[in-house]
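Trainee: A single structure is presented below for examination.
The values are calculated or read from the model by the stated rules, or taken from the named source; none is laboratory data. Worth saying up front: this structure is predicted, and the values here are computed from it rather than measured. Ligands, DNA and RNA are excluded from the accessible area calculation, which covers all protein heavy atoms including side chains. Shrake-Rupley method; radii C 1.70, N 1.55, O 1.52, S 1.80 Å.
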Amino acid sequence: MEKKRLSLHRRNFLRALSLGTAHMLFSNSLTACQTKYASIDPLQKVKLGKSGLETTLLGIGTGVHAGNRSAFLTRQDKQKSLSLLHHAWEKGIRFFDCADSYGTHSLVAEAMKKMNRDELTLTSKIWVRGGGIPEPERPDADIVVERFRKELDTDYIDLVQIHCMVEENWTETQKRQMDILENLKAKGIVRAHGVSVHSLEAMKEAARSPWVDVIHVRINPYGIAMDKPDPEEVVQVINELHSAGKGVIGMKLVGNGKLREESEKIDHALRFVLGLETVDMMIIGFESGNQVDNYLARTEKALTELRG
């Protein structure tokens, strides 16, 4: 059974990789893709594994060039950033991704005044490592999440993750914070919890952990800004995450912005990730309303081509 599963994963990977140049050659194997996404709408609702969260296929990330509570959106003119967030909302994007290290909580909170909170999937991440945020202290997750709620001006947060795990044994070193987040979920303060990873070893550990509801993974067909330069190895673990019922959020689709000027590679990356069938949704770090419109059109095109 395991050998058969590996063979299927291998075929899925090769099929997805081929989509950029010769996807019509794989038209027979693409039939399964038609059941993954209900339509060609880039804003269709998708389920994040078994987490209970349902949101739009395309989401917005607020952590462009971010760190130490600073990001592109906090450094540019505030009204421009608010206009971008409002534009994304008005177009139909319902997933807004934050983190303590981005410093975008207050900005998103202000933008949310013109949004329906019940329709929004709001996420943030706790920074537990050295650096990353100004303070040297690392309070427990309950204290941090309470601060998040005040900064975001919300009663609950849909998804809280432990940010940027790289250690193979992170489920051991972060056991206390994991237990606290589990308790917060039981109270309804957090709807789901999980992790974002920046190493293949940490990703493998996430696949083994029943605690992980949703995970951020770095994925593109070029191996740029990913946990391994070989996409196939990363895809294998993503398949394991998906099979285990984890919600899988794809990030770094354009190599942390390195492919932003290469239109054909962007289209290839979108077809590749959508063609894997194991990534539930994608987030893009938008910097302008025009980019939002552009990626909505590109994603619709990619979904159309996948359906054959």
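Trainee: Averaging over every viewing direction, what projected area does the convex hull of the Cα atoms of segment 149-214 cover, in nm²? Please report the intermediate quantities before stating the final value.
Mentor: Numbers: hull surface 17.4 nm².
Over all viewing directions, segment 149-214 projects a mean Cα-hull area of 4.4 nm².
Trainee: Could you tell me which of the pairs 50/185; 150/185; 185/246; 125/175; 204/228; 150/246 are separated by over 20 angstrom between their Cα atoms in the structure shown?
Mentor: Values: 50/185 14 Å; 150/185 17 Å; 185/246 16 Å; 125/175 16 Å; 204/228 12 Å; 150/246 28 Å.
Those over the limit are 150/246.
Trainee: Here is a further query. Going by amide H atoms built from the backbone, whose H comes under 5 Å of the H on residue 126, apart from near neighbours?
Mentor: Long-range HN contacts for residue 126: 161, 162, 163.
Trainee: Over the residues of the chain, compute the C-alpha Rg and express it relative to 2.2 N^0.38 Å. Mind dumping the intermediate values first?
Mentor: Details: Rg = 18.4 Å, N = 308, 2.2 N^0.38 = 19.4 Å.
So the chain has a normalised radius of gyration of 0.95.
Trainee: Given a 1.4 Å probe and every protein chain left where it sits, what share in percent of the accessible area of the chain is carbon and sulfur?
Mentor: Values: 6490 of 13370 Å².
The C+S portion of the solvent-accessible surface of the chain is 49 percent.
Trainee: Can you work out the accessible area per residue across the chain, with the rest of the protein chains kept in place, probe 1.4 Å, in square angstrom? Before the final figure, lay out each step's value.
Mentor: Values: 13370 Å² over 308 residues.
Value for the chain: 43 Å² per residue.
Trainee: Starting at the first residue of segment 58-65, write each ³J(HN,Hα) from the Karplus equation 6.51 cos²θ - 1.76 cosθ + 1.60 with θ = phi - 60°, in whole Hz, x for Gly and Pro.
Mentor: Each residue of segment 58-65 in turn: 10, x, 10, x, 9, x, 5, 6 Hz.
Trainee: Debye sum, Cα scatterers, segment 174-270, no solvent: what log₁₀ I/I(0) at q = 0.11, 0.12, 0.14, 0.22 1/Å?
Mentor: Each listed q maps to, in turn, -0.37, -0.43, -0.56, -1.05.
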